[in-house]
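Rule-based calculations on the coordinates, nothing more; no lab input. Predicted, not measured: the structure shown is a model, and the values here were computed from it. Please note: Cβ atoms are built from the backbone with ideal geometry, for glycine as well, and neighbour counts cover all protein chains shown.
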Amino acid sequence: MSLLITGGAGFIGSHVVRLFVQKYPDYHIINLDALTYAGNLENLKDIEQRPNYTFVKGSITDPLLLDRLFTQQDIKGVIHLAAESHVDRSIKDPMAFIDTNIKGTAALLNACKAHWKSFEGRRFYQISTDEVFGALGPTGYFTEESPYAPNSPYSASKASADHLVRAYGETYGLPYVISNCSNNYGPNHFPEKLIPLCIHNILEGKDLPIYGNGLYTRDWLFVKDHALAIDQVYHNGENAATYLIGGHNEYTNIDLIRLLCDQMDAAIGNPQGTSQKRITFVKDRPGHDLRYAIDASKIERSLGWTPAHTFEAGLAATIKWYLENPDWLAQVTSGAYQSYYENQYKSE
């Protein structure tokens, strides 16, 4: 069986690709990734020689490339992770998010519709975010019935993609499933997001920027737990269903960073309190949602998935990985890897 995973060189995608390549040797895993700044094939060095794995450099916005892939391979399923995903970048350049997240998803759906002459045994899996639901107050949780109310160009583009997937299901009968996850963290995370940025800045002796008053609250999901949930949803989820995937780890940003500082100080031999002195509150970003929190009881009840990691344990494992992989961190922060891969891999 050929399975197309888009964005498989990115943070979440690389963990999903690795899991599927290792767990399902009878599957042919095709990783389609444009290798933009957050895509890095170093994330997959350990599996790149596996006989059931193929990497294809290219964009989901390229319909000719998609047509060739679907023509050459009998692709039974798509796990769609390719996306622009950073809220701050979406505020500065919303059109990039519209192109990739909306037009790219539409191009993938069209390829499936055109090439899947029978939908029997086929599935399109849209990986989405809890940010499509907007902001919560101090209490309550997002559920599968929560209305969409996106507040940033990023979340609006992901909401649009979700709506397109559902529309193709209703209009054309395309079999699909959608999951919305909370904030991921873990190894291989590009250091523009809060946790890897602060790990990197502590190692570099730089300030730790926290938006506003630091009381923005998020639920945190260890990326390897998420990959296992994706496996469950893809194989055992109900068609046309939505599943919310959360880590049951709700933290304010300031409490998270204080915990990270304490764990980093212990790990690198700093006196306790050293890193917390570098916390700096900076001007808030526009449209910043106060709180996200997920009720993940449906996936636990119907598919038996629960997160294996507490936030404290997952954070310790994340810090350990970054400290053990300084070359990876130096490479991605230098930007040199991008030009290297542009030279090594030509678009199909």
Q.
I'd like the per residue volume of the convex hull spanned by the Cα atoms of the stretch 1-159, given in cubic angstrom.
A. 133 Å³
(Q) In 5 Å bins starting at zero, report the fraction of Cα pairs in the stretch 137-256 per bin as a rounded %. (A) 2, 9, 14, 19, 20, 15, 10, 6, 3, 1, 0
Q. Which residue, chosen from ASN188, LEU256, ALA149, occupies the Cα position most advanced towards the positive end of the dipole of the stretch 136-263, where the dipole is computed from +1 (Lys, Arg) and -1 (Asp, Glu) charges on Cβ about the Cα centre?
A. ASN188
Q: Sort 70-79, 192-201 for me by packing, meaning the mean count of neighbouring Cβ atoms within 10 Å per residue, highest on top.
A: 192-201, 70-79
Q | Under 14 Å, Cβ to Cβ, from PRO175 - net charge with Lys/Arg +1 and Asp/Glu -1 | A | +3
Q. For the Cα atoms of the chain, what angle does the longest principal axis make with the long axis of helix 63-72, in degrees from 0 to 90, nearest 10?
A. 60 degrees
**Q.** Which listed pairs, of LYS117/LYS224; LYS158/LYS298; LYS45/LYS224, have C-alpha distances above 27 Å, in listed order
**A.** LYS117/LYS224
Q | Convex hull of Cα atoms in the chain, direction-averaged projection (nm²) | A | 16.5 nm²
Q: Let me know the shape class of the stretch 235-319, please: from the alpha-carbon gyration tensor, a ≥ b ≥ c as square roots of the eigenvalues, rounded when a/c is under 1.5, otherwise prolate if a/b is greater than b/c, or oblate.
A: oblate
Q) Taking amide H positions as placed 1.01 Å from N in the peptide plane, with prolines and chain starts having none, which residues 5 or more places from CYS181, or on another chain, fall under 5 Å of its amide H? A) SER128, THR129, ASP130, ILE245
Q | Inter-site label distance for HIS235 and THR54 at 7 Å from Cα along Cβ, in nm | A | 2.3 nm
Q) Which of these, TYR211, TYR154, TYR234, has the largest mean-square fluctuation under a Gaussian network model of the chain (Cα springs below 10 Å)? A) TYR211
